[in-house]
Structure formats: C-alpha cells, structure tokens
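Read through the structure below, which is laid out as structure tokens, and then see the notes.
The values are calculated or read from the model by the stated rules, or taken from the named source; none is laboratory data. Everything numeric here is computed off the predicted structure, so don't read it as measured data. A quick note on method: Cβ atoms are made from the backbone with ideal geometry, for glycine too, and the neighbour counts reach across all protein chains shown.
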C-alpha cells in the first residue's frame, strides 16, 4: 500500500475494545433511546467509540454493513461526539446512510 494515499480509517486509540470499559459506559452512562439505534454516552477526556450489533439483527453481512455505516458517521462528524465515550447499539437493520445519519444526529442533539 502506498503511504502517500490518505486512509479513511478510525484510529485504534478511538476504538473502545475492553469489555470493562464497554460495561462501564453501558451501566453508568446516559442512554438515549431511538427508533433504530440506542446511544450510550459517558463524558471522558478522550473520544472513544464502539458499535454493538446483536445477532437478531441479521446475518454477518447485515451486521457488518451497519457497523461500517455507523463508523463512517462517527468519522465524518467528530464534532458530535467531543469528549465522550460513545456506544451505538443497533436495534434495526437500516441500509440507508442518510436515514441512519439523521437518526443519530437527532439522538446526539438530545444528549
């Protein structure tokens, strides 16, 4: 891979991976319920992010598509999630980027 090409990847420092940290945000954070996704947030010094997709959502293709769409929303709108640890829990399969983006924007304004 050519290093001069710009990659649109989420930095590893922003990914919320440890189960203890995820559990902490889920239990002590603020839950904002929505029609298609639930948003769990907790204030923090650094921005971190995770997407949770249950198996009842569909097969692996659908779950991974939802993760990709939500990560792209997080990457393109970092100002929505300043100084927060965020977990997005997907409730329904929505393959349309604009619909999902509007839903998450509405949830962020309710925080």
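Could you look through the stretch 32-55, keep only residues that are touching a residue at least 40 places away in the same chain (Cβ under 8 Å) and not in a strand (DSSP E or B), and pick out the one that is farthest from residue 100 (Cα to Cα)?
Checked the stretch 32-55; the qualifying residue farthest from residue 100 (Cα to Cα) is 44.
Of everything in the stretch 90-105 that's in a helix (DSSP H, G or I) and in contact with a strand residue (DSSP E or B) (Cβ under 9 Å, 6 or more places away or on another chain), which residue is surrounded by the most Cβ atoms within 10 Å (Cβ to Cβ)? Walk me through how you get there before you give the answer.
Here is the first cut: in the stretch 90-105, the ones in a helix (DSSP H, G or I) are 97-105.
When the remaining residues are screened for being in contact with a strand residue (DSSP E or B) (Cβ under 9 Å, 6 or more places away or on another chain), the result is 100, 103-104.
On the way: 100: 21, 103: 18, 104: 24.
The qualifying residue surrounded by the most Cβ atoms within 10 Å (Cβ to Cβ) is 104.
Going through 24, 72 one at a time, which residue ends up being more than 14 Å from the chain's Cα centre (by Cα), surrounded by 14 or more Cβ atoms within 10 Å (Cβ to Cβ), modelled with pLDDT of 90 or more and part of a helix (DSSP H, G or I)? Step through it out loud before you land on a result.
On the way: 72 fails: more than 14 Å from the chain's Cα centre (by Cα).
So the residue among 24, 72 that is more than 14 Å from the chain's Cα centre (by Cα), surrounded by 14 or more Cβ atoms within 10 Å (Cβ to Cβ), modelled with pLDDT of 90 or more and part of a helix (DSSP H, G or I) is 24.
Within the stretch 75-86, which residues are touching a helix residue (DSSP H, G or I) at 6+ places or on another chain (Cβ under 7 Å) and part of a helix (DSSP H, G or I)? Steps first, answer last, please.
The initial filter retains those residues of the stretch 75-86 that are touching a helix residue (DSSP H, G or I) at 6+ places or on another chain (Cβ under 7 Å), namely 80-81, 85.
Answer for the stretch 75-86, where residues must be touching a helix residue (DSSP H, G or I) at 6+ places or on another chain (Cβ under 7 Å) and part of a helix (DSSP H, G or I): 80, 81.
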